[in-house]
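Please read the structure below before turning to the comments.
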Amino acid sequence: MTLTGLSFAYLRDRALNTGLNVLLLALAVATMVILVLFGAQLGERFERDARGIDLVVGAKGSPMQLILSSVYHVDVPTGNIPLDTLDTLRRDPTVAAAIPLALGDNFRGFRIVGTEAGLIENYAGRLAQGQLWRASGEVVIGAEVGRETGAKLGQKFLGSHGLSAEGGNEHEAHPFQVVGVLAPTGTVLDRLILTSVDSVWDVHGILHDDHAEGAHDHHDHEHEPETEVANASVRAHESKPEVTAILVRYRSALAAVRLPAFINRQTALQAAVPAVETTRLLALLGVGLDAARAFAALLLLSGCLSIFVALYTALRQREADMAMLRVMGAKPLAIFAQVISEGLLLAAAGAILGLLLGHGVVALAVASFEQLREVGLTAWRFEPAEGSIVLATLGAGAVAALLPALRVFGVDIARTLSHAR
């Protein structure tokens, strides 16, 4: 039997102890893997989904809620704002683009968003099938919507009032029809059902004039932008129809200095900066992640101490075996390596089980919580940091086995064999 085979035999001989050590290490590794998957994917997804959006204008309320509902589409909106605000922002010479959003309905948990083609362009989206909407009631669906619902070109469906899968009543009088399917983008676009703002107004029975996309002249500056925004705020209760929020991209740095502060001084409007709110959100999440990392490190330390105690105790019981191996010609260095290999085998088993357990927990969480699916979290993605976790676990297992292994060099063969008799 080789020394590696001997290591397996010793571990099998202590099956219960071996299993507990492996489980303890696996729990530590799984916790770290879960943190890595959540931290890396959420941070990356937040950055991608906020790409090209410098400011979000919406109703008064929580800036964080406004960003979550209008950029990431994982919260309820703060309310509606006057349509005049859109025209005002487009007249501002420091604004490069202003994209309206009209929210309020869903289909099987996927949000129906009234907007313009500029939203697709912002995320570099492209059609995989069909065409963009041209008439009221026509929709373009994201790649994930099509995959999850099975919706195809030409298919009709009814939207439900509300933003959750359990939403309210269906709008039976105004069915939607799929006319286009977007190619995957890896952004929030994949989870949205896009249509014109007019379609959302029609579904809710809101009377409106024809809303021609991009009909507003960006270069018509007959009125001062700040005066226009103030007037729009005062006339909020008169403005019908309305939009839920407006995504703004700046033309110049001057807008970042002037526009948010001015809008926030208005009665009915607020401006939220995605970069600021995302940083706040990640900072809040970071506190919890740091605490969980500390707990995982404690578990890993406990696992290593457990390996150390198990190997140290086992070697004291196996001193006669080691002496016999020496008599049979085994070199001390070879026996030392055999003991180290036991620690490495335990660590490797714990690391592999921990990886499987961590990804399995994330998969279960994604299947159980709609919010995690909405932000695009996936369990079937390997992060580079997981390789570092595996290496760290193997290193910890080797270190834990080091001190017991050093006992090999201090074994007195004659005295040990005489005591064994």
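Computed from the coordinates by the stated procedures, all read-outs in this text should not be read as laboratory data. Owing to the predicted nature of the structure, the values given are computational and were not obtained by experimental measurement. Note that we place each Cβ from the backbone using ideal geometry, even for glycine, and neighbour counts take in every protein chain shown.
For LYS240, the lysines whose Cα falls under 26 Å of its own Cα, not counting residues fewer than eight places away in the same chain, are LYS60. From least to most packed, judged by other beta carbons within 10 angstrom and beginning with the fewest, SER136, SER62 follow the order SER62, SER136.
The modelled label-to-label distance for the pair SER252/LEU16, using points 7 Å beyond Cα in the direction of Cβ, is 7.9 nm. Computed from label points 7 Å out along Cα-Cβ, the spacing between THR267 and LEU403 is 7.3 nm. Going by neighbour counts of Cβ atoms within 10 Å, the residues TRP201, TRP133, TRP380 line up, fewest first, as TRP380, TRP201, TRP133.
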